[in-house]
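To start, the structure itself, in structure tokens.
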Amino acid sequence: MPLANADESKTAVNECFEINNNYQIFDIVNLFFISEGYTDAYDVIEFREQVTAYASDDGFFSIPEINENKNFFNVYAIFLPFNDFDCVNSSTDNSCVRENMVPLIGNVCFRDSDLGILNNDKKTIIIALNKNFQGNSRVADEGIFTIPVPILSGECITPINGNPNDCGGTGTNKYIVPPIDNVISDYLKGALIYLKNSPKEEEIPDSIIEKSNQFIISKVGQEFFNNYMSINKELTRYIPANLHCIKNLSYCADYLLAPNYFMVYSLKIPNKPYANVSISFSVDKNGNIIAGSQQGLPDCVSKPSECEFLIDENDAIKIARNAGLEEGISDWKTSFHWAYGNPGSYVWTVQNYLSSNNGKIVMIDANSGDIIGGIGGWDVMYSTIGPQLTNITEPINYIFYIIIGIVIIIALILVKKFINK
């Protein structure tokens with residue numbers, strides 16, 4: 001379900017905020033702050049600011065070992081106006097236990113993802129922040145803590161109109177975090193040690209890898225796959241639902257609203273060293289290919305010539321020279337890569353330099369040697385590295401624009417004088 005924004009509604013709803021995000025949740029320590037006693041929609045801002053204070057160099061990151069390893073910690077603030085975990089008064093029969101909290105975290109933050117990592121009490125630490133609690137930190141359950149709320153300082157992190165005491169409606173209040181006691185400090189240090197001494201989390205199920213393998217085989221054939229392709233486990237990873245996209249539905253592709261797996265394969269042909277590239281695509285949690293996510297995967301089964309890669313770098317340079325690409329002021333730059341859209345295959349690009357920031361470029365089909373789109377131009381002002389932006393070869397006529405600017409200024413002056421009359 002879409003998560004409402006507290007600024008847009010007075011009705012309190014479950015919300016998840018990324019306070020400190022290193023963009024993965026597996027080989028990392030995840031700190032989930034859960035709200036207790038925050039029931040009003042306007043409490044969202046207060047709760048988020050208090051969690052932010054704990055996630056600062058004055059909070060948990062004031063612990064030297066934790067501060068030196070910030071990139072190993074994610075911090076989330078989960079606003080739950082109607083939860084009844086009651087972690088402050090935890091007992092053996094209450095609901096402040098991981099098995100009750102994990103499904104809610106998965107639902108609010110990760111779109112109902114089935115994340116086994118959330119059950120690991122060393123890699124996923126749940127911290128209940130009770131609005132009215134000022135006592136010492138307490139252990140509610142293994143890897144679940146209740147800690148005191150920060151105290152409002154009366155100052156602002158982002159003041160309004162330069163007044164350090166005026167946060168207004170958009171400023172950020174500064175909170176003073178109580179001293180971090182050994183109960184939580186020792187557990188965070190232990191979690192970090194556990195993380196660094198644990199084997200890398202196996203993120204991708206075998207069933208997902210097998211379906212992805214079969215998809216590639218359907219495009220390149222079994223023999224080509226066996227000889228030249230392999231999964232890149234360093235780059236292949238699980239991607240949780242994007243919280244920004246969940247809250248801004250119109251800005252993102254639909255597949256970013258749900259968890260997916262980003263699959264990366266290496267293509268290496270030993271006797272053609274230039275054919276050393278990565279192929280990638282995304283699949284949903286069932287292993288179905290997400291349309292439009294493919295990059296670098298040729299269809300060799302339907303068109304075998306797409307996987308021949310007959311043109312090497314020397315061939316590409318010779319073809320570009322014969323096509324009329326001039327020498328320029330320095331050595332040419334070449335690149336073997338995948339070209340999106342039309343033709344949707346591997347190409348060579350050869351570009352010259354007519355100056356330090358512009359020149360001409362030729363795109364050549366790496367299988368047939370055909371030139372695609374003629375000789376185009378590139379210019380650093382356009383961030384262009386391909387001839388799809390063709391004919392951008394002439395320098396910008398700055399004098400023309402200066403003259404136009406002067407004419408506009410004179411016209412404005414004359415209009416002002418006419419009005420004053």
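Here are a few things to note about the model shown:
- Filtered residues of region 247-268 (kept if surrounded by fewer than 17 Cβ atoms within 10 Å (Cβ to Cβ) and modelled with pLDDT of 85 or more): F262, S266, K268
- Number of positions in region 34-54 that are assigned to a helix (DSSP H, G or I) and farther than 12 Å from V149 by Cα: 3
- Residues (in a helix (DSSP H, G or I) and either β-branched (V, I, T) or surrounded by fewer than 22 Cβ atoms within 10 Å (Cβ to Cβ) (or both)) located in region 60-81: F61, S62, P64, E65, I66, N67, K70, N71, F72
- When I217, I317 are checked against the criterion of being free of Cβ contacts under 8 Å to residues at least 24 places away in the same chain, of a type in the set (A, V, I, L, M, F, W, C) and assigned to a helix (DSSP H, G or I), a single residue qualifies: I217.
- Of all residues in region 323-352 being hydroxyl-bearing (S, T, Y) and surrounded by fewer than 14 Cβ atoms within 10 Å (Cβ to Cβ), the one that is nearest to S305 (Cα to Cα): Y340
- Test: D57 is closer than 19 Å to D186 by Cα and not in a strand (DSSP E or B): yes
- Of all residues making up region 162-202, the number that are among the small types (G, A, S) and either under 28 Å from the mean Cα position of the chain (by Cα) or at pLDDT 90 or above (or both): 5
- For region 50-85, the set of residues classified as touching a Cys at 6+ places or on another chain (Cβ under 6 Å) and either closer than 20 Å to G135 by Cα or not assigned by TED's automatic domain parsing to the domain that holds A128 (or both) consists of F85 only.
- Residues located in region 353-364, provided they are in a strand (DSSP E or B) and either surrounded by fewer than 15 Cβ atoms within 10 Å (Cβ to Cβ) or over 32 Å from the mean Cα position of the chain (by Cα) (or both): G359, K360, V362, I364
- Only one entry in I385, I399 is part of a helix (DSSP H, G or I) and either modelled with pLDDT under 85 or touching a strand residue (DSSP E or B) at 6+ places or on another chain (Cβ under 8 Å) (or both), namely I399.
- Of residues in region 247-280 being more than 17 Å from Y228 (Cβ to Cβ) and among the hydrophobic types (A, V, I, L, M, F, W, C), the one farthest from the chain's Cα centre (by Cα): L249
- The numbered conditions (1) of a type outside the set (V, I, T); (2) in contact (Cβ under 8 Å) with a residue 40 or more places away in the chain; (3) assigned to a loop (DSSP other than H, G, I, E, B) are all true for D84 except (2).
The values are calculated or read from the model by the stated rules, or taken from the named source; none is laboratory data. Predicted model only: the values in this text are computed from it and were never measured. Neighbour counts are summed over all protein chains in view; Cβ atoms, including those assigned to glycine, are modelled from backbone coordinates with ideal geometry.
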